[in-house]
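K.L.:
The structure follows.
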Number of protein chains: 2
Amino acid sequence: MTTTENRPVAGTDPRTGQELPTGIVESTPDEVRATTAAALAVAPALAALDRTRRAGLLRSQADALESARGRIVEVADAETALGAARLNGELTRTAFQFRFFADVVDDGGFLEAAIDHAGPTPMGPRPDLRRMLVPIGPVAVFGASNFPLAFSVPGGDTASALAAGNPVVVKAHNSHPATAQLVHEVLTAALPAGALGLVFGREAGRQLVADPAIRAVGFTGSLSGGRALLDIIDARPDPVPFYGELSSLNALVVTEAAARERGAEIGAALVGSVTGSAGQLCTKPGLVLVPTGPAGDAVVDAAATALRAAEVVPLLNERIHHSYLADTEQLRSAPGVQTIATGRPTAAGFGVAPLLVGAAADAVPAEAFAEYFGPAVVVVRYAEPAELGSVIAQLPASLTATLHVGAGERVPDLVAALGRTAGRIVFDGFPTGVAVSWAQHHGGPWPATNSLHTSVGATAVRRFLRPLTWQDAPEHALPPELRDTPEPTLPRRVDGRLEPAVERS
Amino acid sequence: MTTTENRPVAGTDPRTGQELPTGIVESTPDEVRATTAAALAVAPALAALDRTRRAGLLRSQADALESARGRIVEVADAETALGAARLNGELTRTAFQFRFFADVVDDGGFLEAAIDHAGPTPMGPRPDLRRMLVPIGPVAVFGASNFPLAFSVPGGDTASALAAGNPVVVKAHNSHPATAQLVHEVLTAALPAGALGLVFGREAGRQLVADPAIRAVGFTGSLSGGRALLDIIDARPDPVPFYGELSSLNALVVTEAAARERGAEIGAALVGSVTGSAGQLCTKPGLVLVPTGPAGDAVVDAAATALRAAEVVPLLNERIHHSYLADTEQLRSAPGVQTIATGRPTAAGFGVAPLLVGAAADAVPAEAFAEYFGPAVVVVRYAEPAELGSVIAQLPASLTATLHVGAGERVPDLVAALGRTAGRIVFDGFPTGVAVSWAQHHGGPWPATNSLHTSVGATAVRRFLRPLTWQDAPEHALPPELRDTPEPTLPRRVDGRLEPAVERS
């Protein structure tokens, strides 16, 4: 471990590639320890807040964000170049997300409260058993480069960990340190001390994951970065849950019927999904399966035309810029890969040209199955269903899979095969744009995520909760949610029967 | 990797220590591969079974077990010496468990079905999103030595994985190979080919965990054994979930008031919980906190008397026997530890004497916080609440914590502190005896288990399921549980509102 005391943390302006001094320095080991200690100290008080107050706390976070909207968007745009429209939308989403989790807390169903009264069973007499989920303890959250708000300090991991009743310590992403610091200041004004900590620097992040006070880790980033954190967790005397969102190819399949019916429309819309936010989205479609022949040609031609016309913002930072250039160069020279179209290069800073390449289904090189973080997409042309099936069988697991079919077309085997590769299957649309809602799932088999849980939507809170059962407890020793009287307002499973919440008066 | 082809797998008779030839040999690498391939091949068909059929399959497993009750108990008793009464009870429990999971499948709530209809949101228009849990794929299950039925071939991991819609491959425990083989024969007669595989031998187990077809691992056993499997998983290109139930101290606290009111009763009952099944239970109380002074003395005296009179079955195998002797010897000679009582040694085979030792709360050696698999218990005497709190703060996490209080006594801080160390908190009772029910939780922070999930009770199925969301899917492409018509009979969350199941006609 190298010494990192007081090393400066600078941002960069993606539009110029110039450094943006921030006055921020990397957190020292002592600072990291003090931050996790503060989180541990406040954990019991946070866990003991009743649901109404916890929901209020989440809504206050949304209000705080919105009250500083102008400043936050300005600072974030300077560090990310994502543009005011996108960043305003992201702030709206992030505030909505806090309010949504407040609704989830009010509802109470996430606690999975269950009561089995004492009684006889074929196994003999059963004691009174009452189960619900309780907060796991301090959670470490690693901000992502590509969402300075929605997957960073005020993002889904933070909101869901707070909703679950836990303190959070965020490791700021080096791509937007000033944004992280500003948002942290804005949020903590409305929180108990210790409830939301912030540390800077790579070593601080490693130390955080190894810290005994930390009970779970949420991470959105690269496969290699996730693996490195997982190694630290594996070396802990007490391995803690690691929730990584790591890599996603997001295959998209166009059937012959869909291509015939609306091939040009699909091709043009595909490019919007590939180039939005310069393709720096975890759900960007990276590999598109299109039939050979004239109907498929229309898809590809429309995509090429749209790509050449696309306006693309610069990439977020030097590392991403460098990787995109080097990796797409390798892709373009892989066996069997033809460059179909390149877009207009953005001039200065970390700007790049979007890229559309092609390959044949019977000879797809390994490079085509990799994720390219940026505005690149591979079209694979298939001549028949068997070829399509063979490519699908080679797909790495992803967050999403997308299927464009003809009107009334039924392809159950294709749906089943794609469902095995992904956590969300999109019909006749595009996978970018992830709604925050009750039925959302943003996850998938490894390497999409390493868990059976989501990082977006109501059930994201489940990652930061653990079950606890009370056996033969006197009423006063139970949490209010598990008492008989007064009957609490949340859904509960009583003696095996799910009972909806009693309506509030 | 050493070659293990055709090495014989023998049981031992714990009553004599003599080998029991079985005719079973360790599985070869080819046999393991064939078993996982068969599991993978049948997985889609199992996943596609409707819930009524899946429940029927689970009930057929219960019937099959009961139809072979006499033979199974006889073979298991020869290999484990647990006795016919205990083994008949375990078989009843295991059959009950299959039927219970059939009820869980019929209920359908475990699928967490949720529907968000398309509509406007503050984030913009939302597509139609429908989420439910789907089977994860083939599950590897490691049988435990101490429950030849309830935590082995037909045990909770197998039943919950099958209930979730997955095939299972069991690695038989070397302590009861003939039981494993017999039960496997009995169960597979009522299952599709490949749905329940069985392999023998340590290398076969290691190969199983590394096999690409395996999507999750359930393990009940030692901390070192669990860690070894976790290392194999960490080395996979795709780490899969590992559900280990590894080690549990199960502290039990007696307050001064409880000791005064019923000290002798608590002491005597404690010994029943410590010596039943020769203490080879994951929930055996291993460390008991008793006040100093006459009331506490009554607890300890009654325990010593009961321990001297206890009838204890022999230990399960040579390894456990050896560890118990060596480890309790070390415990007895640890600084500050006094031997209070030893019971009657069982004469032949793997028999041992139960053991009660004591230590003072202000000087508890590390040895007292370890789990001793067998009929040993440590009493720690505390003089005041601060001493009690200090010992609780040192407790490793456990499956359970138990609290004996006086009539009407309220100790909220103690309940909170114990709740942080365990997955189940037992009031005025004993932690052994784990009911299979909706509100049960059998798990805890590491090293009790490494997960946020239970291995006993309804929610055990959650370990072997993953979420999948369908976006804008046509009705025919959805599973029946997520369709609008006909309205399926399961609870669903529709537009954020939990709706109980429509009653079956």
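K.L.:
Which ones in segment B:196-232 are touching a residue at least 24 places away in the same chain (Cβ under 8 Å), surrounded by fewer than 20 Cβ atoms within 10 Å (Cβ to Cβ) and among the aliphatic types (A, V, I, L, M)?
P.N.:
Listed by number, the residues that qualify are B:Ala210, B:Ala213, B:Leu223, B:Ile232.
K.L.:
Quick one: in segment A:241-263, of everything that is modelled with pLDDT of 95 or more and touching a Pro at 6+ places or on another chain (Cβ under 6 Å), which residue is surrounded by the fewest Cβ atoms within 10 Å (Cβ to Cβ)?
P.N.:
It comes out as A:Glu256.
K.L.:
Return yes when A:Glu371 is touching a residue at least 60 places away in the same chain (Cβ under 8 Å), charged (D, E, K, R), more than 10 Å from every other protein chain (Cβ to nearest Cβ) and touching a Ser or Thr at 6+ places or on another chain (Cβ under 8 Å) and no when it is not.
P.N.:
yes
K.L.:
Examine segment B:26-34 for a residue that is among the hydrophobic types (A, V, I, L, M, F, W, C) and under 26 Å from the mean Cα position of the chain (by Cα), and state whether such a residue exists.
P.N.:
Looking for residues that are among the hydrophobic types (A, V, I, L, M, F, W, C) and under 26 Å from the mean Cα position of the chain (by Cα), one finds at least one in segment B:26-34, hence yes.
K.L.:
Now for a separate question. So in segment B:473-490, with the set limited to residues that are within 23 Å of A:Ser398 (Cα to Cα) and more than 7 Å from chain A (Cβ to nearest Cβ), which one is surrounded by the most Cβ atoms within 10 Å (Cβ to Cβ)?
P.N.:
Among them, the one singled out is B:Leu482.
K.L.:
Another question, if that's okay. Only residues that are small (Gly, Ala, Ser) and assigned to a helix (DSSP H, G or I): list them for segment A:82-104, please.
P.N.:
Within segment A:82-104, A:Ala84, A:Ala85, A:Gly89, A:Ala95, A:Ala102 meet the criteria.
K.L.:
So, one more: From the set of residues in segment A:264-292 that are of a type in the set (Gly, Ala, Ser) and touching a residue at least 40 places away in the same chain (Cβ under 8 Å), which is nearest to A:Val253 (Cα to Cα)?
P.N.:
Among residues in segment A:264-292 that are of a type in the set (Gly, Ala, Ser) and touching a residue at least 40 places away in the same chain (Cβ under 8 Å), the one nearest to A:Val253 (Cα to Cα) is A:Gly286.
K.L.:
Can you name the residue in segment B:125-159 that is at the interface with chain A (Cβ under 8 Å from one of its Cβ atoms) and outside any loop (DSSP other than H, G, I, E, B) and is also farthest from the chain's Cα centre (by Cα) among such residues?
P.N.:
B:Arg126
K.L.:
Return yes when A:Ala55 is aliphatic (A, V, I, L, M) and touching a residue at least 24 places away in the same chain (Cβ under 8 Å) and no when it is not.
P.N.:
yes
K.L.:
Here is a follow-up. Just for segment A:348-363: of the residues that are of a type in the set (A, V, I, L, M) and out of contact with any Ser or Thr (no Cβ under 9 Å at 6 or more places or on another chain), which one is farthest from A:Ala326 (Cα to Cα)?
P.N.:
Here the answer is A:Ala363.
K.L.:
Are any residues in segment B:251-278 small (Gly, Ala, Ser), part of a helix (DSSP H, G or I) and on the phi < 0 side of the Ramachandran plot, and if so, which ones?
P.N.:
B:Ala257, B:Ala258, B:Ala259, B:Gly263, B:Ala264, B:Gly267, B:Ala268, B:Ala269, B:Gly272, B:Ser273, B:Gly276
K.L.:
Please go through segment B:446-472 and pick out each residue that is more than 7 Å from chain A (Cβ to nearest Cβ) and on the phi > 0 side of the Ramachandran plot.
P.N.:
B:Gly457
K.L.:
Further question on the same structure: Quick one: which residue in B:Leu58, B:Leu91, B:Leu46 is more than 21 Å from the chain's Cα centre (by Cα), among the hydrophobic types (A, V, I, L, M, F, W, C) and either farther than 29 Å from B:Pro135 by Cα or at pLDDT 95 or above (or both)?
P.N.:
After ruling out the rest, the residue left standing is B:Leu46.
K.L.:
For segment B:337-348, name all the residues that are surrounded by 11 or more Cβ atoms within 10 Å (Cβ to Cβ), more than 29 Å from the chain's Cα centre (by Cα) and over 21 Å from B:Ala298 (Cα atoms).
P.N.:
Correct list: B:Arg344, B:Ala348.
K.L.:
Quick check on my filter: what residues within segment A:359-368 are buried (at least 20 other Cβ atoms within 10 Å of the Cβ), assigned to a helix (DSSP H, G or I) and either over 24 Å from the mean Cα position of the chain (by Cα) or without any contact (Cβ under 8 Å) to a residue 40 or more places away in the chain (or both)?
P.N.:
A:Ala361, A:Glu367
K.L.:
Follow-up question, since we're still on this one. Quick one: which of A:Asp301, A:Asp231, A:Asp238, A:Asp297 is in contact with an Asp or Glu (Cβ under 9 Å, 6 or more places away or on another chain) and either more than 13 Å from chain B (Cβ to nearest Cβ) or at pLDDT below 95 (or both)?
P.N.:
A:Asp231
K.L.:
Within segment B:168-203, can you find the residues that are under 22 Å from the mean Cα position of the chain (by Cα) and assigned to a helix (DSSP H, G or I)?
P.N.:
B:Pro177, B:Ala178, B:Thr179, B:Ala180, B:Gln181, B:Leu182, B:Val183, B:His184, B:Leu187, B:Arg202
K.L.:
In this structure, does A:Arg493 turn out to be part of a strand (DSSP E or B), free of Cβ contacts under 8 Å to residues at least 60 places away in the same chain and facing another protein chain (nearest Cβ under 10 Å)?
P.N.:
No, not satisfied.
K.L.:
Taking the options A:Arg463, A:Arg410, name whichever one is of a type in the set (Lys, Arg) and in contact (Cβ under 8 Å) with a residue 12 or more places away in the chain.
P.N.:
Checking each option against the conditions leaves just A:Arg463.
K.L.:
With the condition kept exactly as written, say whether any residue in segment B:264-271 is crowded, with 20+ Cβ neighbours inside 10 Å and either among the charged types (D, E, K, R) or modelled with pLDDT under 95 (or both).
P.N.:
So far as segment B:264-271 goes, no, none of its residues is crowded, with 20+ Cβ neighbours inside 10 Å and either among the charged types (D, E, K, R) or modelled with pLDDT under 95 (or both).
K.L.:
Condition first: of a type in the set (D, E, K, R) and outside any strand (DSSP E or B). Now tell me which residues in segment A:204-250 satisfy that.
P.N.:
If the condition is that a residue be of a type in the set (D, E, K, R) and outside any strand (DSSP E or B), then A:Arg206, A:Asp211, A:Arg215, A:Arg227, A:Asp231, A:Asp234, A:Arg236, A:Asp238 are the ones that fit.
The values are calculated or read from the model by the stated rules, or taken from the named source; none is laboratory data. It should be emphasised that the depicted structure is a prediction, and the values quoted were computed from it without experimental measurement. Please note: Cβ atoms are built from the backbone with ideal geometry, for glycine as well, and neighbour counts cover all protein chains shown.
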